[in-house]
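Notes follow once the structure below has been shown.
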Amino acid sequence: MIKVKTILLSTLALFLMSVAPTFARGSFVTVNPATLENCSMVYPTAAPNVTCFNKIQTTVNMMGIGDTLWVAPGTYNEKVVINKKIIMKGGIKMAQKLGTSTIDGQDTNNFNFPLKSVVTVTGAGTVIDGFTIQGAGFGKAGITLTSAYNTIKRSTLTNNFYGIELRDSDYNVIDSNIITNSGWYGILIQNNEYFTTGGTKDQASTNNTIKNNTITNVSDAVGAIENCDNNQFTGNTIISTKGMALNLFGSDNNTVSGNTIKNSKKAITFYGSFNNNVTNNKILNNAQAFQVDAMWMATPSENNTVNWNNIVGNADIVKQGFGNSNTTFNIMNNWWGTAVRSEILSKIVVSNPATIVFDPFLAQEIPMMF
């Protein structure tokens with residue numbers, strides 16, 4: 001039987017060997033010390049000759065495909081590149097207490113080339129679970145994914161320019177993370193060539209699942225930018241966004257369901273986007289619920305549907321840009337916090353009201369289990 005090896009990383013492992021050992025393939029080296037001083041105490045079984053490292057990158061370089069790295073509580077001041085399929089877990093129990101494993105890029109205010117994120121994942125199928133990741137400076141992210149089928153879960157990303165960035169990255173799962181204090185986007189799903197050539201389909205990020213995340217106090221919360229199609233946004237809570245909570249910019253066929261968006265400047269924006277479906281969400285107490293406009297004043301947004309949502313307490317329901325004045329926006333069968341048609345219509349700020357189809361509308365709130 002081939003066993004997958006697991007390696008422990010400890011900030012107190014000051015005995016890092018001058019010549020790092022090479023772990024034989026098929027060996028089982030898993031570590032979860034009961035105390036930081038004793039690295040021979042392992043979980044779930046005991047094994048001799050366990051080696052601890054004090055740098056994450058050093059350990060990743062030693063690992064093989066499919067190996068697991070347990071990172072002990074502590075702060076690791078470094079940037080990490082993961083170029084192979086591994087599982088990296090933080091927050092393990094030390095002395096029966098659950099600690100925090102923090103990776104700090106330490107360049108929050110710097111603008112240095114090349115733009116290197118705190119954690120960059122180029123190897124497909126990687127799992128990152130249970131970290132605090134911080135300190136990505138201007139133009140950089142806490143985590144950047146440039147590969148497919150990765151999972152980022154149960155982590156906190158704070159004080160980064162971007163929290164999590166997907167760049168030419170498909171079929172990833174971003175699940176149950178807390179993202180706060182981003183300089184721009186909390187989660188940015190983008191086209192790898194967007195800023196250089198305008199973006200192409202083969203460089204886009206598609207078919208990703210963004211679920212159960214909490215995003216607060218960011219400039220913009222979530223963006224799908226330029227041909228980033230067929231993504232699912234479900235079960236997320238977005239609060240107090242200074243700009244756009246969800247920006248669909250030139251991106252089509254995305255599903256937005258089961259989310260709570262509140263106390264933000266703009267809840268959902270459509271710029272040159274087609275066939276997106278927004279259903280079963282709570283959109284509450286925002287300055288503006290929806291913005292519908294063309295992309296670069298050229299490509300209007302069309303065939304987007306917003307149905308069966310609770311959309312309550314927003315100062316404006318819809319604002320329509322000039323580039324979208326002749327296209328229809330379907331916002332039927334929603335609860336608007338009132339059943340009075342004139343009150344709903346008063347919050348629709350458009351150049352051509354006939355293009356906003358909100359009737360029929362619901363006479364009462366939709367029961368939702370979140």
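No value in this document is a laboratory result; all are computed from the given coordinates. Fair warning: this is a prediction, and the values are worked out from it, not measured in the lab. Methodologically, a virtual Cβ is constructed for each residue, glycine included, from the backbone with ideal geometry; neighbour enumeration extends over all protein chains shown.
Where does each of Leu248, Leu166 land when they are ranked from fewest to most other beta-carbon atoms within 10 angstrom?
Leu248, Leu166
With equal scatterers on the alpha carbons only and no solvent term, can you work out the Debye log10 of I(q)/I(0) for the stretch 73-357 at 0.10, 0.12 1/Å? After summing over all Cα pairs, the log10 values are -0.51, -0.72. The packing ranking, built from the mean of other Cβ atoms within 10 Å per residue, places the peptides 356-368, 209-221, 304-316 in the order 209-221, 304-316, 356-368, highest first. Here the stretch 129-244 was treated as a single set of alpha-carbon atoms; its pair distances binned every 10 Å from 0 give 17, 50, 31, 2 percent. Cross-link pairs exceeding 27 Å in C-alpha to C-alpha distance, out of Lys140/Lys211; Lys85/Lys140; Lys153/Lys262; Lys140/Lys266; Lys79/Lys242, comprise Lys79/Lys242. Annotation: amide H-H contacts under 5 Å for Ala148 (H modelled 1.01 Å from N, sequence separation of 5 or more, or interchain): Ala124, Gly125, Asp170. DSSP finds beta bridges in the stretch 73-357, and of those with both partners inside it, around 5 percent are antiparallel. Panel order for Ser346, Ser169, by other beta carbons found within 10 Å of each beta carbon, from fewest to most: Ser346, Ser169. For the stretch 298-370, the C-alpha radius of gyration divided by 2.2 N^0.38 Å, with N the number of residues, is 1.12. Taking the average, over residues, of other Cβ atoms within 10 Å as the packing measure, peptides 58-71, 279-292 rank 279-292, 58-71 from highest down.
Ranking Arg154, Arg341, Arg167 by Cβ neighbours within 10 Å, fewest first, what do you get?
Arg341, Arg154, Arg167
Summary of the geometry: the stretch 304-370 and the stretch 131-169, compared by the centres of their Cα atoms, lie 34 Å apart.
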